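The values are calculated or read from the model by the stated rules, or taken from the named source; none is laboratory data. On a predicted model such as this, the values are computed, not experimentally measured, just so you know. No Cβ is skipped: glycine too gets one built from the backbone with ideal geometry, and neighbour counts run over all protein chains shown. Ligands, DNA and RNA are excluded from the accessible area calculation, which covers all protein heavy atoms including side chains. Shrake-Rupley method; radii C 1.70, N 1.55, O 1.52, S 1.80 Å.
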Amino acid sequence: FQSLSLHPWECSPGTSCTIVMVLSRFCLHTTTVVVLVTLGCGVRSGFTPIYVEPTTQLLPESHVFVNPVHWPFQNLTNHTASVFWQRGTPSSRLTTPSAAEIGTATGVSATPEQQVVATGSGPTGTPPNVPFSAVQLTSTGVWGAWLNTTSADPTAEHLTTTTIESSFGTCYDVWQPDHSGEFRVEFQLAVPTAFKLSPANGCAVYVSLSVYVRTKPGLPSHFIWYSINLFDFERDVRSDHVFIDTVSKKLIVSSGVTGGSKYNVPLPGSASSSNTTWPTPKSFGYRVTATNLEQGIRDGLATYPTLKGLPEKASDYCISGYNMELEATPDAAAGMSLSGTTISVGSVSSVIH
């Protein structure tokens, strides 16, 4: 046999992995015999990964930040970073190493050198009435995050956010004029801990992943947060929504991984969004087609007339980055872990069953 190529990445989350073996034998008359052997799920071809979450440890001193004034930093383009946003606590500083008991909330084991805590001094003395935010950066690339706002001053800290994110350095073309093309996101996520001190609807803690969708160069500048709601403790996590981000004033197109959304399509075997905790990582995967994006834009324009001028064709847009956010209003908390995030672009050119 002249060649053997294996392509194990072609499977969807939660399915057994396909192995495609291409065996070539050259005979005396230069005839090539090709044998295809397939095992397991179907083959997804024509997709190129544009982002893969690191499988080694992020260094706290160069990849973790609290309340950065100008963000993102240019020297972090094409790199992964973690950010604490405690906008009501400008005095917050990073502490690492940290021996804080973070793993009991995230389910992730980490050394003190792999843990970073954002701490600050509040106006009411000891203990400071500021949120507790922490991340874990393991040597295998697992990212843990613990956010507890039960001590936060609700008059100063309205929403606290912890992210893992990346700017790609270029805006990747995804959707073509003929409506072909899509992006796909796959990852493993666990949310083992969550609680609220206020009534169920009085506060919120949730996890979402947003892909940055922006107009292509040469067109008027527009930006959309294309957001997937993965966990929202004791609240509706399944409905589609469009709304305006309070900080950036940009359109958010939001949906859950449910199988019934207008804004995304789950990949086969994907876990579903949930409003209850789960301790063991689950595999999630979804795709966003031109039809999904255009529906979200139409709904946004119908709901917010001030968005007039937002292009309605998917082919006018590209994607330039992403973030995974753990967010909470005062009186709530959650711990989570994330690994294996991969974002790919392409189109389905063939499927082998």
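The residue that is surrounded by the fewest Cβ atoms within 10 Å (Cβ to Cβ), counting only those in the stretch 158-179 that are aliphatic (A, V, I, L, M) and under 17 Å from ALA145 (Cα atoms), is LEU159.
Comparison of SER320, SER272, SER315 shows that the only residue that is in contact with a Cys (Cβ under 9 Å, 6 or more places away or on another chain) and surrounded by fewer than 22 Cβ atoms within 10 Å (Cβ to Cβ) is SER320.
Taking residues in the stretch 51-67 that are at positive phi, and partners anywhere that are among the charged types (D, E, K, R) and open to solvent by 40 Å² or more (accessible area, probe 1.4 Å), the pairs with Cβ atoms closer than 9 Å and at least 6 places apart or on different chains are ASN67/ARG87. Here is the figure for the stretch 104-122: residues that are surrounded by fewer than 17 Cβ atoms within 10 Å (Cβ to Cβ) and outside any loop (DSSP other than H, G, I, E, B) total 3.
Of all residues in the stretch 180-202, those that are within 24 Å of the chain's Cα centre (by Cα) and either open to solvent by 60 Å² or more (accessible area, probe 1.4 Å) or under 30 Å from THR104 (Cα atoms) (or both) total 12.
Within the stretch 281-312, can you find the residues that are open to solvent by less than 20 Å² (accessible area, probe 1.4 Å) and part of a helix (DSSP H, G or I)? Within the stretch 281-312, ALA290, ASN292, LEU293, GLY296, ILE297, GLY300 meet the criteria. For the stretch 203-242, taking the residues that are in a strand (DSSP E or B) and without any contact (Cβ under 8 Å) to a residue 60 or more places away in the chain, the one that is most open to solvent (accessible area, probe 1.4 Å) is identified as HIS241.
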